[in-house]
Structures are given as C-alpha cells and as structure tokens.
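Working notes, beginning with the structure itself.
The values are calculated or read from the model by the stated rules, or taken from the named source; none is laboratory data. All values derive from a computational prediction rather than experimental measurement. Virtual Cβ from ideal backbone geometry, glycine too; neighbours counted across all protein chains shown. When the accessible area is computed, the model is the full protein with side chains, heavy atoms only, and any ligands, DNA or RNA have been set aside. Shrake-Rupley method; radii C 1.70, N 1.55, O 1.52, S 1.80 Å.
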Amino acid sequence: MRLFVLVPGAGGSAWYWSRVVPFLQEAGQDAVAVDLPGDDEDAGLPEYTRLVEAAIGGRNDVVLVAQSLGGFTAPMVAARTGVGEIVFVNAMIPNPGETPGAWWDNTGWEGARKRAAAAGGYSAEFDPNEYFLHDVPPEIAAEGEPYQRPEANAVFASSCEFVEWPAVPIRVLSGEGDRFFPLGFQRRVARDRLGLEPDVLPGGHLLGLSNPAGVADYLLRR
C-alpha cells in the first residue's frame with residue numbers, strides 16, 4: 001500500500017482531486033488531497049510545503065502528485081521528506097530558486113498559449129470557461145463553484161528553494177487538450193527542465209475532473 005498525496009493548483013482547493021481519490025482508495029491505496037491556503041497573502045511556498053509535509057506524516061512510501069501551480073511545492077516537499085516518486089500533472093515545473101511569478105516569462109508560456117489558441121481555433125483572450133472548463137462536465141463544474149478561491153499574490157513571489165531534483169522516479173502527465181499549458185509547451189518544458197518526455201491522456205488542464213479514471217489508472221502504474 002502506498003500513500004498518494006495530491007497537491008492542487010492555484011486556489012489550493014483539495015476538492016480538485018475529489019474524483020481521483022476514490023479510484024485510488026478503491027484500488028486499496030491510501031490517498032489524501034491537501035487543502036492549501038491559496039487566498040492567504042501571508043502564505044507562500046514554505047507554508048504550502050509544511051502543510052504537505054504534515055499530510056505525509058513521516059511515511060516513506062509516498063507518491064507525491066502535483067497539479068499546475070502545485071508543481072512548485074513538489075521539489076521542496078521532496079527535499080524534506082521520504083517521497084518515493086513525484087508525478088507532475090499539467091504542472092509548472094520549476095528550476096531551483098525560481099519563483100512562480102518568473103516562471104511564465106522564463107518558459108515563454110504566453111506566446112505558446114496564444115499560438116496554440118490560433119492553431120486550435122479558440123480565443124487567445126483568457127477566460128476560465130474557455131481554458132479550464134471546456135471539457136469538464138457541467139454538473140461537476142457547478143459542484144466545484146463553492147470551492148473556488150483566488151490565488152493570492154504572495155506565492156508568486158516565493159522562491160522554490162531546492163538545490164537539485166531528488167534521486168527518485170519522476171513522471172510527467174499532460175492533458176492532450178490542455179489549453180492553458182498546451183501540450184507542445186509542456187513537452188518542451190519537461191524536456192528542458194527534467195530531460196523527460198510527458199505521458200499524455202485525453203483531457204484539458206483540469207485533467208483530474210475531466211478524466212479522473214484515466215488519471216487514477218496512470219497514477220497506479222508502477
């Protein structure tokens with residue numbers, strides 16, 4: 001039995017993983033989604049790291065799963081705990097010392113997003129429905145509305161303090177239809193920063209909501 005610790009993206013709502021956790025538990029695994037204080041201007045990456053570390057609770061059979069902005073918390077947690085594997089899901093993959101605020105320009109994200117929009121025939125003007133919810137079932141999107149909260153500015157100025165990637169397996173999972181972090185962009189960042197080729201599943205940026213069974217099946221693979 002492994003412990004899957006699931007870190008959400010911007011806003012920090014553990015609800016994001018609500019469709020994935022039951023699949024992991026039905027497979028006989030432990031799974032916990034960590035709720036982070038995304039709207040707290042006094043909370044940055046160190047505070048996020050401590051909360052995830054508390055959820056791990058000293059176990060060393062941990063699969064750390066990080067979605068989107070959660071990618072910045074993952075290496076800091078791995079440096080302090082006995083994480084056995086890291087899985088990035090449509091994630092921001094940091095360099096040592098980088099801030100989430102600098103990541104956008106450092107990776108060339110905006111240009112990549114706009115080029116993908118032009119190629120895909122959807123608007124380059126950001127809209128949550130267009131970029132996040134386009135493939136999420138409407139009833140699930142409606143259920144999630146009470147759990148949504150804005151991401152405070154504090155974390156974007158917070159440095160990702162780690163020296164090097166841990167000597168543990170790392171996997172990168174990308175949504176084929178992610179409009180926010182387009183697949184070609186994710187492939188380039190994963191190759192440049194980790195030397196890895198992403199695995200791909202059908203679904204958009206909120207892959208855990210649009211394709212939870214696929215995400216869970218992927219996570220359970222060794």
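Structure values in brief
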item: Peptides ranked, highest mean first, by Cβ atoms within 10 Å: ranges 152-158, 15-21, 120-126, 204-210; result: 204-210, 15-21, 152-158, 120-126
item: Extreme residue, positive dipole direction of the stretch 37-176, given options Ile170, Pro146, Leu51 (C-beta unit charges); result: Ile170
item: CD proxy at 222 nm, helix term only [per DSSP H run n ≥ 4: -39500 (n - 2.57); per residue of the chain; nearest 500]; result: -10000 deg cm²/dmol
item: Gyration tensor (alpha-carbon) shape descriptor, the chain, a/c threshold 1.5; result: rounded
item: Accessible surface of the stretch 104-222, 1.4 Å probe, proportion on carbon and sulfur as whole %; result: 51 percent
item: Per residue solvent-accessible surface (Å²) - the stretch 105-222, probe of 1.4 Å; result: 52 Å²
item: Whole-Hz ³J(HN,Hα) from phi, Karplus 6.51 cos²θ - 1.76 cosθ + 1.60, for the stretch 215-220, glycine and proline x; result: 5, 4, 4, 5, 4, 6
item: Check: the chain dipole with +1 on Lys, Arg Cβ and -1 on Asp, Glu Cβ, in debye; result: 760 debye
item: Virtual paramagnetic centre 7 Å along Cα→Cβ of Ala142, amide N under 19 Å, in the stretch 184-222; result: 209-210
item: Gained length - Ala157 relative to Tyr122, 0.36 nm times residue gap less alpha-carbon distance; result: 9.5 nm
